[in-house]
1. How big is the charge dipole of the chain about its Cα centre, in debye rounded to the nearest 20, if each Lys and Arg gets +1 on its Cβ and each Asp and Glu gets -1 on its Cβ?
2. Under the 0.36 nm per residue contour assumption, what length would be gained going from the current alpha-carbon distance of Phe15 and Glu44 to full extension?
3. Would you work out the relative contact order for the chain, in percent, from Cα pairs under 8 angstrom that are 6 or more residues apart?
4. Mind checking the full-extension length gain between His59 and Arg82? Use 0.36 nm per residue of separation minus the Cα-Cα distance, one decimal, nm.
5. Choose one answer from Asp125, Asp27, Asp114: the residue with the largest mean-square fluctuation in a GNM of the chain with alpha-carbon springs under 10 Å.
6. Could you put Ile128, Ile38, Ile97, Ile3 in order, starting from the residue whose Cβ has the fewest other Cβ atoms within 10 Å?
Amino acid sequence: MPIVPQLLRQAMGQFATGVTLVTAEVDGTVHAMTANAITSVSLEPPLVLVCVGRERVMHGVLEQAGRYGINVLAAEQEPVARFFARQTDQEPAYRFIKEPPRAPRLEGALAYLDCRIVERLPGGDHTIFLAEVEHAEVQGGDPLLFFGGRYGRLASQPAAPSLR
């Protein structure tokens, strides 16, 4: 059976992930995109990656900015995830914290990574933006999850400890 995009999307939808908001700033404007195509690559050196479709606005933003923030969303931040995934026109309450030269940080995120892009790799219809983590913060709490095309949360889990 040939692999068609719809089948691959359906199969990958069976893999539960966390939800992040990738942020970057260009010319004083904050740009954000909901993403679950991120991963930790290495601890030494600290590397992560995000995959962005070449046709997405965020692709050009990351090319210009040269860095990005990964904000791990809390369960109660589902409206923020939906808004920046372009699933709704209703803009929820949120606030970005700017601390240049770092990428913008989303207030209330469970964790934040400030990442400097070190390599761009072709990945089919996406670009893989490999980046070195230059700063990290962990707040802890209940994560927002994505599974089968829907947002959700863990049934029960103790809050993760803060590592400040």
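1. In total the dipole reaches around 280 debye.
2. Extra length available between Phe15 and Glu44 comes to 7.8 nm.
3. 25
4. This chain segment gains 6.4 nm when fully extended.
5. Its mean-square fluctuation being the largest, the pick is Asp27.
6. Ile3, Ile97, Ile128, Ile38
A short reminder: the numbers here are calculations on the coordinates, not readings from a lab. This one's a predicted model, so the numbers in the text were calculated from it and none came from an experiment. Every residue, glycine as well, gets a Cβ built from its backbone with ideal geometry; the counts of neighbours run over all protein chains shown.
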